[in-house]
Amino acid sequence: MSALIASGNVDQLNFHLPFARDNGVTEQELVEAITHLAFYTGWPKAMSAMAIAKKVFADTAED
């Protein structure tokens, strides 16, 4: 996930984040990781990733 965010390939997160979630990564842990990455990758990339992460976890809540 870090490599995808750093390289700006956040669209790929739609595929990878559900696997992270299924392997036990919580929404809070993911938000913290993306926030941490923001200082290294830049806030625009991090906020793009955050929007996708929120959508993935919201879709899960609906299931």
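The values are calculated or read from the model by the stated rules, or taken from the named source; none is laboratory data. This is a predicted model, so every value here is computed, not measured. Here Cβ is always computed from backbone atoms with ideal geometry, including for glycine, and neighbour counts include all displayed protein chains.
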**Study point:** Of all residues making up the range 39-63, the number that are touching a Pro at 6+ places or on another chain (Cβ under 9 Å) and either among the polar types (S, T, N, Q) or closer than 11 Å to I5 by Cβ (or both)
**Key:** 1
Check your understanding: Does S2 satisfy the criteria of being hydroxyl-bearing (S, T, Y) and modelled with pLDDT of 95 or more?
Key -> no
Exercise for review: Return the residue satisfying two criteria in turn: it lies in the range 1-20 and is closer than 15 Å to D59 by Cα and crowded, with 17+ Cβ neighbours inside 10 Å, and of such residues it is farthest from the chain's Cα centre (by Cα).
Suggested key: A20
Check your understanding: What number of residues within the range 23-63 satisfy the criterion of being in a loop (DSSP other than H, G, I, E, B) and of a type in the set (V, I, T)?
Key -> 2
Practice item. Taking only the range 1-22 into account, find how many residues are touching a residue at least 12 places away in the same chain (Cβ under 8 Å) and assigned to a helix (DSSP H, G or I). Key: 13
